[in-house]
Amino acid sequence: MVRISEDLIRRRAEHNNGEIFSLEEVSLHQQDIERIEHIHRWCRDLKILYLQNNLIPKIENVGRLKKLEYLNLALNNIEFIENLEGCESLQKLDLTVNFVGKLSSVESLKQNLHLRELYLVGNPCADFQGYRQYVVAVLPQLQWLDGKEIGRAERIQALQELDEVREHVLEQEAEYLEKREKQKSGLKETSGIEKQEHPQINQSLSENQNVTHQNPESSSKAHTDADDKEREFWEKPCAFTPESRLETHRHLEDKRRANEKEREKPKTKPPRTLITANGRVLNVNEPKLDFSLTEDENNCMVLDLHVYRHMDTSLLDVDVQPTYVRVTVKGKVFQLVLPAEVTPDNSKAQRSQTTGHLLLTMPLAHGELKPKKPTVRPTSVTSNQNTKKETRAAPGRELLEVDPGLAGSLANIVPKGKESSHKPLQLSQPHQHCGIEERPVSKDFLDDPEVPPLM
């Protein structure tokens with residue numbers, strides 16, 4: 001049951017800056033309200049009150065609203081027109097689709113002298129023979145009834161036939177009231193059974209959802225039973241009464257609460273499979289991050305994982321294995337199978353300070369060593385890059401390459417006119433190293449062919 005509270009009215013008074021004491025219009029429709037209360041004490045200056053599409057069974061607590069001009073109570077459970085004598089300024093009353101069967105209660109509106117419009121369409125009394133003539137004759141201040149204007153000729157004729165029409169209307173009213181009493185008594189007898197049946201639907205629904213993880217066959221059977229009961233509830237014929245309308249509303253409300261309760265239950269997500277039962281490692285990218293895997297010139301696998309820039313490094317957990325790498329980013333797993341085996345002990349993890357990317361360098365375990373590129377060191381002798389002469393060298397050695405054209409220039413290093421004790425620099429033979437000076441041969445040197453040359 002929804003009660004009219006101060007907080008509810010304040011939320012509906014946003015157009016008045018949340019002030020309710022000076023409120024002139026408030027809309028409380030479709031709130032499942034079952035009783036009119038507190039409004040006559042909090043909103044004395046109210047002129048327009050919308051209460052349509054609720055569960056209100058009785059008109060009450062509005063007699064002190066002296067400035068009330070329009071009251072909308074359509075689509076409720078009202079059976080009598082009453083307690084409106086104090087609404088001195090009432091001009092329009094809407095009781096469309098209610099359960100007003102006592103048409104004589106309309107006479108209570110005689111004291112509302114400013115009443116101009118009245119809507120009773122959709123009520124049981126609107127089906128009475130002579131209904132319109134009776135209302136027109138009883139309420140001479142009315143100008144419109146059920147959206148149709150009341151003419152002068154119609155009013156004169158209704159006043160002339162009032163006695164006859166009233167008698168006929170009272171007979172129909174008595175029959176309806178007797179029928180209503182039977183309905184109420186019948187509902188009292190069956191209410192106990194129905195109250196037990198409908199909660200079983202919600203209970204079976206909740207039980208079905210619990211059984212789903214245990215036995216699929218019993219779960220499907222329980223779901224079928226619940227569907228059958230739900231279908232039976234809606235297909236069962238019943239009279240359109242305040243009780244049946246209230247029962248339908250309670251049934252829908254119970255079902256809605258059961259569904260909300262089920263949605264609020266924590267859903268246990270099954271753990272993601274990272275490694276299958278037969279030991280096969282799977283590729284997983286739960287955080288949905290971009291990455292690149294390359295092999296550099298130092299025989300290392302390099303993984304560049306595009307981690308969020310402003311994420312704290314403490315939220316990262318890196319695990320390098322010989323055949324795969326796993327990175328946990330804020331509880332989400334990124335796992336990648338490596339194309340070659342690596343050495344986890346020599347692996348390094350670095351974080352970029354600008355992009356935030358995570359860089360993993362993992363040396364290969366059984367990779368071939370690639371020769372490094374030779375580094376060029378400055379020498380005292382510059383060589384011409386256009387023409388070079390290759391010299392033969394022993395395996396594993398690198399020889400200095402000298403342009404033959406430089407021989408003459410090297411010989412002229414000593415200035416002219418001065419004698420030097422050194423001979424000009426000559427190019428070495430192909431088997432000799434370049435840049436080594438030849439010693440002069442002694443006069444007493446004898447070349448013995450049997451002695452092998454010095455290597």
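The values are calculated or read from the model by the stated rules, or taken from the named source; none is laboratory data. What you see is a predicted model, and the numbers here were worked out from it, not measured in a lab. Note that each Cβ is placed from the backbone with ideal geometry, even for glycine, and that neighbours are counted across all protein chains shown.
When you go through L274, L293 one by one, which is the residue that is out of contact with any Lys or Arg (no Cβ under 7 Å at 6 or more places or on another chain) and assigned by TED's automatic domain parsing to the domain that holds G331?
L293
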Does S108 satisfy the criteria of being in contact (Cβ under 8 Å) with a residue 40 or more places away in the chain, in the same structural domain as R152 (by TED's automatic domain parsing) and surrounded by fewer than 17 Cβ atoms within 10 Å (Cβ to Cβ)?
-> no
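For region 94-102, state whether one or more residues are outside any loop (DSSP other than H, G, I, E, B) and touching a helix residue (DSSP H, G or I) at 6+ places or on another chain (Cβ under 7 Å). Step through it out loud before you land on a result.
Here is the first cut: in region 94-102, the ones outside any loop (DSSP other than H, G, I, E, B) are 94.
Next cut, touching a helix residue (DSSP H, G or I) at 6+ places or on another chain (Cβ under 7 Å) only: none.
So far as region 94-102 goes, no, none of its residues is outside any loop (DSSP other than H, G, I, E, B) and touching a helix residue (DSSP H, G or I) at 6+ places or on another chain (Cβ under 7 Å).
Could you list, in sequence order, the residues of region 7-29 that are of a type outside the set (G, A, S), surrounded by 12 or more Cβ atoms within 10 Å (Cβ to Cβ) and not in a helix (DSSP H, G or I)? Even if it seems obvious, please write down each step before you answer.
First, the residues of region 7-29 that are of a type outside the set (G, A, S): 7-12, 14-17, 19-21, 23-26, 28-29.
Then keep just the ones that are surrounded by 12 or more Cβ atoms within 10 Å (Cβ to Cβ); that gives 8-10, 12, 16, 20, 23-26, 28-29.
The answer is R12, I20, L23, E24, E25, V26, L28, H29.
Which ones in region 131-155 are acidic (D, E) and either within 18 Å of G101 (Cβ to Cβ) or in contact (Cβ under 8 Å) with a residue 60 or more places away in the chain (or both)? Walk me through it before giving the result.
Filtering region 131-155 for residues acidic (D, E) gives 146, 149, 154.
Result: D146, single match.
Quick one: in region 245-258, which of the residues that are of a type outside the set (K, R) and free of Cβ contacts under 8 Å to residues at least 24 places away in the same chain is farthest from Q183 (Cα to Cα)?
So the first thing to find is which residues in region 245-258 are of a type outside the set (K, R), and the list is 246-249, 251-254, 258.
Checking the rest, the ones that are also free of Cβ contacts under 8 Å to residues at least 24 places away in the same chain come to 248, 252.
On the way: T248: 16, L252: 22 Å.
Once the filter is applied, the top-ranked residue is L252.
Conditions (1) within 30 Å of R180 (Cα to Cα); (2) without any contact (Cβ under 8 Å) to a residue 60 or more places away in the chain; (3) not small (G, A, S), marked per residue:
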| residue | (1), (2), (3) |
| --- | --- |
| E6 | no, yes, yes |
| I9 | no, yes, yes |
| A13 | no, yes, no |
| F21 | no, yes, yes |
| V26 | no, yes, yes |
| D32 | yes, no, yes |
| I36 | yes, yes, yes |
| K47 | no, yes, yes |
| L93 | yes, yes, yes |
From the list L75, L90, which residue is assigned to a loop (DSSP other than H, G, I, E, B), at positive phi and either out of contact with any Lys or Arg (no Cβ under 8 Å at 6 or more places or on another chain) or outside the structural domain of L145 (by TED's automatic domain parsing) (or both)?
-> L75
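In contact with a Leu (Cβ under 8 Å, 6 or more places away or on another chain) and in a helix (DSSP H, G or I), is that true of L109?
Details: in contact with a Leu (Cβ under 8 Å, 6 or more places away or on another chain): yes; in a helix (DSSP H, G or I): yes.
Judged against the criteria, L109 is a match.
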Test: E181 is assigned by TED's automatic domain parsing to the domain that holds Q129 and surrounded by fewer than 16 Cβ atoms within 10 Å (Cβ to Cβ) = no
Taking K261 as the residue in question, decide whether it is without any contact (Cβ under 8 Å) to a residue 24 or more places away in the chain and of a type in the set (K, R).
-> no
Residue match in region 185-193 (condition: modelled with pLDDT under 60 and exposed (fewer than 10 other Cβ atoms within 10 Å of the Cβ)) | yes
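Each row is one residue, and each column tells you yes or no for (1) at pLDDT below 90; (2) in contact with an Asp or Glu (Cβ under 8 Å, 6 or more places away or on another chain); (3) outside any strand (DSSP E or B).
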residue	(1), (2), (3)
S292	no, yes, no
L303	no, no, no
D319	no, no, no
H366	yes, yes, yes
L369	yes, no, yes
Flagged pairs (Cβ under 9 angstrom, 6 or more apart or on separate chains; first in region 268-286, part of a loop (DSSP other than H, G, I, E, B); second among the acidic types (D, E) and surrounded by 10 or more Cβ atoms within 10 Å (Cβ to Cβ)) are R272/E286
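With assigned to a strand (DSSP E or B) and within 27 Å of the chain's Cα centre (by Cα) as the only criterion, which of V307, V333 stands out?
Numbers: V307 fails: assigned to a strand (DSSP E or B).
So the residue among V307, V333 that is assigned to a strand (DSSP E or B) and within 27 Å of the chain's Cα centre (by Cα) is V333.
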